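Notes follow the structure.
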Amino acid sequence: MKNKECVAMLLAGGQGTRLKSLTKQIAKPAVYFGGKYRIIDFPLSNCTNSGIDTVGVLTQYEPLILNDYIGIGDTWDLDRKYGGVSVLPPFMEAEGGGWYTGTANAIYRNLKFLNQYDPEHVLVLSGDHIYKMDYNAMLDYHKGTGADATISVIEVPWVEANRFGIMNTDEEGRITEFDEKPDNPKSNLASMGVYIFRWDVLKQYLLEDAEKENSSHDFGKDIIPSLLYDYKKLMAYTFEGYWKDVGTVDSLWEANMDLLKKDPELDLNDQRWRIYSKNPNQPPQYIAPTAHVRNALINEGCRVYGTVDTSIIFYGVHICESSIVKDSVIMPDVKIGKNVKINRAIVSKGSVIEDGAVIGDPSPDSEITLVADEGSVLAASLATHT
Amino acid sequence: MDRIAGIINLDHEQDMLDELTYFRCGAAVPFGGRYRMIDFAISNMTNSRIESVAVFARRKYRSLMDHLEQGKAWDLDRKRGGLFILPPDWNDPTDISRGDLQHFHNNIDFINRTLADYIVVSGSQHICNINYQDALQEHKNSGADVTVVYKQVKELYPEHQRAHKLDIDANNRVTAIHNDHSSTNVYMDMYIIEKDYLYHLIEKCIAHGCSHFFLDGIKAKLPDIHIHAYEYHGGHALVNSMESYYRNSAKLLDPQEHDELFKDDAPVLTKIKNEAPSSYTATSNVTNTMVANGCVIEGHVEDSILFRGVKIAEGAVIKNSIIMQRCEIDSNAVLENVILDKDCRISTGKTLIGAPEKPYVVAKRRTM
């Protein structure tokens with residue numbers, strides 16, 4: 001078989017503890033976003049739209065729903081005869097084996113997978129971010145500069161630079177230094193966790209790293225510093241556009257609310273850059289005579305009899321009369337009774353909110369309320385009164 | 001469980017939806033916000049665990065084929081069985097068949113090869129949610145040669161005039177099939193028949209030069225053959241004219257009517273479009289409306305149905321209308337009692353008003 005120019009490896013094994021109970025039973029890349037999607041839809045759709053048709057998805061933490069969701073990859077047109085999507089869980093080997101111990105270890109353990117495609121370049125992605133990006137343009141840049149590795153960066157506000165992995169570059173965009181969460185950042189170019197490596201170079205460093213006893217086998221902590229230490233050519237590729245880490249309950253809520261702004265930066269209706277997602281194939285949403293809907297995204301299968309204001313409503317949600325949902329994210333199949341008030345909350349899939357319940361704190365800057373485990377029943381008496 | 005194969009016979013269906021059937025057959029007409037008429041017929045079959053479905057297409061089937069693809073939406077992209085779209089292409093020099101018997105004759109391999117013992121034949125104009133396994137049980141218990149499906153309608157509308165009606169005895173045996181306008185037992189263009197018996201009737205019909213299998217092969221055989229009547233009790237709409245299309249579409253806004261057609265355990269499935277959720281802005285005002293995905297609504301919409309990807313600008317007012325896929329309504333346009341076919345554009349300030357009993361229909365891809 002002909003070799004593949006570029007194979008993507010998507011790191012999807014993270015637990016995402018900062019998303020609290022949202023990731024109690026599912027891996028972070030499977031967390032819902034934007035009324036219809038799961039986080040992993042973004043990198044996978046980006047791959048398809050960028051012409052990358054071979055993707056390994058490295059799973060580890062709570063993979064059941066993620067595996068089921070990925071399936072044979074037909075959702076993203078990644079059901080291919082040669083290539084396509086492959087789910088790569090940790091496995092046992094004749095000698096040893098076991099869990100993935102770090103991001104670099106996860107790739108190292110799947111050398112066999114990569115070798116069978118004999119790629120020239122490997123694109124490493126994470127399943128933590130919401131963005132639309134043409135990886136092919138980045139690959140062209142990577143090839144054009146003859147880099148050993150190219151790291152995608154985005155300009156962040158200087159005041160926030162201390163929260164990111166910061167790349168210091170020279171005038172040509174060559175990376176001279178990598179600062180993980182620096183106290184005094186010298187640059188505001190933050191790593192997006194999107195890397196392209198020359199496969200021969202990456203393979204060599206993965207093999208070397210695997211031998212190091214005190215390595216944490218992590219791209220950011222071990223592989224990138226080693227490459228820099230050896231004066232390998234690392235280039236920064238500046239991405240312009242919407243990019244958001246949705247690693248915390250607050251940032252997940254914010255990213256959802258970003259979609260409700262006038263002319264949102266992230267256009268989900270862009271026909272040329274579709275974000276593909278599994279479609280529940282439910283009837284159109286019904287907005288009843290008693291409903292008031294303002295500034296909202298609502299998916300199919302919903303029935304709205306109450307008020308929805310500045311909120312994201314996933315598929316199959318029912319909102320009964322005289323209930324108010326404001327500044328909130330309601331995940332699939334949630335049933336909301338009558339006279340319910342929900343403010344600044346994220347309500348998990350399948351929750352049942354009984355008549356009269358009051359959830360969340362309407363005051364701005366208050367903490368986002370998370371309605372806990374999937375499928376929970378929230379009676380009025382148990383609701384979080386504020 | 002008995003194996004059933006399905007045939008959706010569009011051969012004798014007239015294109016009676018005016019502008020909506022200029023370029024497509026009735027089965028391919030969009031209905032209910034995101035569906036096409038044929039989706040109900042196919043979903044009924046797959047929900048009844050029919051895994052092999054043939055579509056007898058005759059005319060204007062380009063859009064139908066585009067919609068059905070390989071049958072993936074209905075899980076009919078199979079190695080065993082699956083979806084067979086059969087356009088009129090026949091090359092048998094000895095063929096003497098006429099009418100829809102051309103389809104039966106030239107596609108006899110579909111009937112021969114299926115592992116099913118029973119065949120369900122249906123049209124596409126009766127919108128309903130029926131389980132054919134239940135109907136088959138009754139067919140077997142009755143010992144009938146053929147079982148036809150009917151709906152006892154509460155009220156007769158003009159669309160029922162063109163439908164056949166049934167006279168039924170105390171044992172639900174059909175005693176007559178006719179066009180009497182006062183009868184409320186509306187035959188739903190659906191029948192169940194044993195495969196071998198269907199084969200036998202087809203041969204006989206062809207030998208006698210018949211051109212309409214149901215009328216010549218089944219109806220004309222009364223009272224010699226045993227025809228059983230299976231009563232369907234669920235939601236039902238017969239769509240065979242613009243007026244019936246418009247009125248029955250509006251019926252979907254009634255939650256009770258809606259629930260009788262759309263069921264969680266027997267979903268109506270359709271081709272996926274990967275649209276984003278619909279977006280409502282600060283200026284949108286929507287009531288009593290069905291909205292499919294991918295819409296952007298800034299204006300006022302009431303008592304209407306919006307298909308996928310419709311854009312309604314600020315200040316536009318839409319009432320009692322059906323707006324199909326990807327239409328764009330510019331600001332301050334006013335539409336009342338209007339049906340817009342796909343890809344229409346209504347420019348700023350334009351007013352279109354139809355009558356409640358006769359909607360203003362705009363053909364596909366028009367700009368006004």
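The values are calculated or read from the model by the stated rules, or taken from the named source; none is laboratory data. A quick note: this is a predicted structure, and the numbers were derived from the prediction, not measured. FYI the Cβ positions are ideal-geometry reconstructions off the backbone, even for glycines, and counts take in every protein chain you see. Ligands, DNA and RNA are stripped out before the accessible areas are found, and what is left, the full protein with its side chains, is counted by its heavy atoms. Shrake-Rupley method; radii C 1.70, N 1.55, O 1.52, S 1.80 Å.
Within 10 Å of the Cβ of each residue in A:262-271, the mean number of Cβ atoms contributed by other protein chains is 3. For chain A, the longest principal axis of the alpha carbon atoms and the long axis of helix A:135-145 meet at an angle near 20°. The mean number of partner chain beta-carbon atoms within 10 angstrom of a residue's beta-carbon across peptide B:292-299 is 4.
Straight distance only, please: which aspartates and glutamates reach the Cα of B:Lys195 with their own Cα at less than 16 Å, same-chain residues fewer than 8 apart left out? Reachable aspartates and glutamates: B:Asp2, B:Glu51, B:Asp109, B:Asp117, B:Asp145, B:Glu203.
The packing ranking of peptides A:292-303, B:145-156, highest mean first, is A:292-303, B:145-156, where packing means the average number of other beta carbon atoms within 10 angstrom of each residue. When B:Glu203, A:Glu211 are compared by accessible area at a 1.4 angstrom probe, the order from most to least is A:Glu211, B:Glu203. Accessible surface comparison of B:Trp90, A:Trp243, probe 1.4 Å, protein chains only, largest first: the order is B:Trp90, A:Trp243. According to the calculation over all Cα-Cα pairs in the range B:4-261, the P(r) per 5 Å bin from zero is 1, 6, 13, 18, 20, 19, 13, 7, 2, 0, 0 %.
Against the criterion of solvent-accessible heavy-atom surface with a 1.4 angstrom probe, B:Cys210, A:Cys47 sort, most first, into B:Cys210, A:Cys47.
Might you report the magnitude of the Cβ-based charge dipole of chain B about its Cα centre, with Lys and Arg at +1 and Asp and Glu at -1, to the nearest 20 debye? Write down the numbers at each step before the final one.
Details: 41 positive and 51 negative charges, 184 e Å.
In total the dipole reaches around 880 debye.
Rank-order A:88-96, A:66-74, B:51-59 by packing density, defined as the average count of other C-beta atoms within 10 Å over each peptide's residues, highest first.
Values: A:88-96: 10.9, A:66-74: 17.3, B:51-59: 22.2.
Put in order of decreasing packing, that is B:51-59, A:66-74, A:88-96.
Peptide B:267-274 has a mean of 4 when you count, residue by residue, the C-beta atoms of other protein chains within 10 Å of its C-beta.
Hull surface divided by four, with the convex hull built on the Cα atoms of the range A:286-378: how many nm²?
Values: hull surface 19.4 nm².
That works out to 4.9 nm².
Residues whose amide H comes within less than 5 Å of that of B:Arg345, counting only those at least five positions distant or on another chain, are B:Glu328, B:Arg366, B:Thr367, B:Met368 (H built at 1.01 Å from N in the peptide plane). Applying a threshold of 21 Å to the alpha-carbon distances of B:Lys60/B:Lys311; B:Lys72/B:Lys273; B:Lys60/B:Lys364 flags B:Lys60/B:Lys311 as lying beyond it. Of the cross-linked pairs A:Lys221/A:Lys278; A:Lys28/A:Lys349; B:Lys151/B:Lys263; A:Lys132/A:Lys233, those separated by over 24 Å at the C-alpha level are A:Lys221/A:Lys278; A:Lys132/A:Lys233. Identify all lysines with a Cα-Cα distance to B:Lys219 below 16 Å; exclude those on the same chain that are fewer than 8 residues away in sequence. The qualifying lysines are B:Lys165, B:Lys204. Of the whole protein surface, B:Thr175 contributes about 80 Å² of accessible area at a 1.4 Å probe radius.
For A:Lys81, the aspartates and glutamates whose Cα comes closer than 13 Å to its Cα, not counting residues fewer than 8 places off in the same chain, are A:Asp53. Seen from B:Gln133, the other residues with C-beta closer than 14 Å to its C-beta sum to a net charge of -3, counting Lys and Arg as +1 and Asp and Glu as -1. For the protein assembly as shown, the dipole from Cβ point charges (+1 on Lys and Arg, -1 on Asp and Glu) about the Cα centre works out to 1060 debye, to the nearest 20.
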